[in-house]
Amino acid sequence: MKKILYIGLSIITSFTIATAKDVRLGIPPKTLEKYYPPNSEKYEFLMNMYKASTAFTGLSTSIREKDWQRAEKWAKTLKDAYLKIGELVPQWDKVLRKEEANFLVQAVKNKDIRKIQFFANAVGNTCSKCHDRYLASTKLLYHFPDFDTVTLEDPITSVEYNVSDYMKKMITSFKLLNVYMHDSKSKKAKKEGMNFVKRLKGLSQMCSECHTNQLSEKVYFGKDFYQKVKQLEQSIKNLNPNKISQTFNWINKNNCSKCHNVHEVPTMIREKIKKKQK
């Protein structure tokens, strides 16, 4: 029984754990695009992955419980899902251990524990290696929010910009506020400072598209945020550099940085992957 349990755990481990010797983000084939939104809402490839993963668990569990009839059923389900990978993504068909998948089914039929372990590991290792190389990049490409589809209306010019251009305009306003203060151009400093504030408030257009519940609104654009924005406005009107810096740093730490840490770095990596994928 202990030996069977070990084999069951070995099957699961070989399928789910990828080696972590180095970090490699492989560029997945563009074929995958047709299985994810906006091209498809069915997630055909992902559903097949779930099917294979579930079959591995069902197989190992059935073996551990000595339920060989169901073990054979799960082995066949695993083989079908595994071979379908090559049908869905032809570029990956050549790396599949097709014979081993068939031999695994036969080994289960024969209740041959040693061969079950050998062929399960052979199949599972191809899954682990593929996950190690492509899982992170695939998630970034097809699961991470695509900010390219989001536009924001600039409260200053009434022009719609993509997120990147809007952010550039907003931070440029803040930089100009500092430049004009240093150059003793008070009128221009106040104007650019208020432009920054207006654009900062306008960011809620973007966030509200995904953060739709009231709790998210309180976290990102709640009472504390707007109190600090009011303080920033007053500091700009008074052109008080220390107060401006102090208030801006609070907003940056408690709002801007938190969003950037979640969204900016993955977006940057995602864009690099997309460029290499073309």
In the stretch 22-70, the residues that are of a type in the set (S, T, N, Q) and assigned to a helix (DSSP H, G or I): Thr31, Asn48, Ser53, Thr54, Thr57, Ser60, Thr61, Ser62, Gln69
Subset of the stretch 146-191 that is touching an Asp or Glu at 6+ places or on another chain (Cβ under 9 Å) and in a loop (DSSP other than H, G, I, E, B) - its residue that is surrounded by the most Cβ atoms within 10 Å (Cβ to Cβ): Asp154
Residues within the stretch 223-277 that are in contact (Cβ under 8 Å) with a residue 24 or more places away in the chain and exposed (fewer than 12 other Cβ atoms within 10 Å of the Cβ), tallied: 2
Number of the exception - Lys201 against (1) of a type in the set (Lys, Arg); (2) modelled with pLDDT of 95 or more; (3) under 22 Å from Thr151 (Cα atoms): (2)
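Name the residues in the stretch 86-110 that are closer than 13 Å to Glu72 by Cα and either in contact with a helix residue (DSSP H, G or I) (Cβ under 6 Å, 6 or more places away or on another chain) or assigned to a helix (DSSP H, G or I) (or both), would you?
Ala101, Asn102, Phe103, Leu104, Val105, Gln106, Ala107, Val108, Lys109
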Near pairs, Cβ below 8 angstrom, 6+ apart or cross-chain, from the stretch 178-198 (in the same structural domain as Asp165 (by TED's automatic domain parsing) and within 10 Å of Leu239 (Cα to Cα)) to any residue that is of a type in the set (Phe, Trp, Tyr) and crowded, with 16+ Cβ neighbours inside 10 Å: Ser186/Tyr180; Ala189/Tyr180; Gly193/Phe174
The stretch 70-104, subset surrounded by fewer than 19 Cβ atoms within 10 Å (Cβ to Cβ) and in contact with an Asp or Glu (Cβ under 8 Å, 6 or more places away or on another chain), residue nearest to Lys42 (Cα to Cα): Leu88
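State yes or no: is Met206 buried (at least 16 other Cβ atoms within 10 Å of the Cβ) and within 26 Å of the chain's Cα centre (by Cα)?
yes
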Hits in the stretch 156-170 (condition: touching a residue at least 24 places away in the same chain (Cβ under 8 Å) and not charged (D, E, K, R)): Ile156, Val163, Tyr166, Met170
Extreme residue, nearest to Met47 (Cα to Cα), among residues of the stretch 105-120 that are in contact (Cβ under 8 Å) with a residue 40 or more places away in the chain and among the aliphatic types (A, V, I, L, M): Ala120
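The values are calculated or read from the model by the stated rules, or taken from the named source; none is laboratory data. What you are looking at is a predicted structure, and each value in this text was computed from that prediction instead of being measured. Note that we place each Cβ from the backbone using ideal geometry, even for glycine, and neighbour counts take in every protein chain shown.
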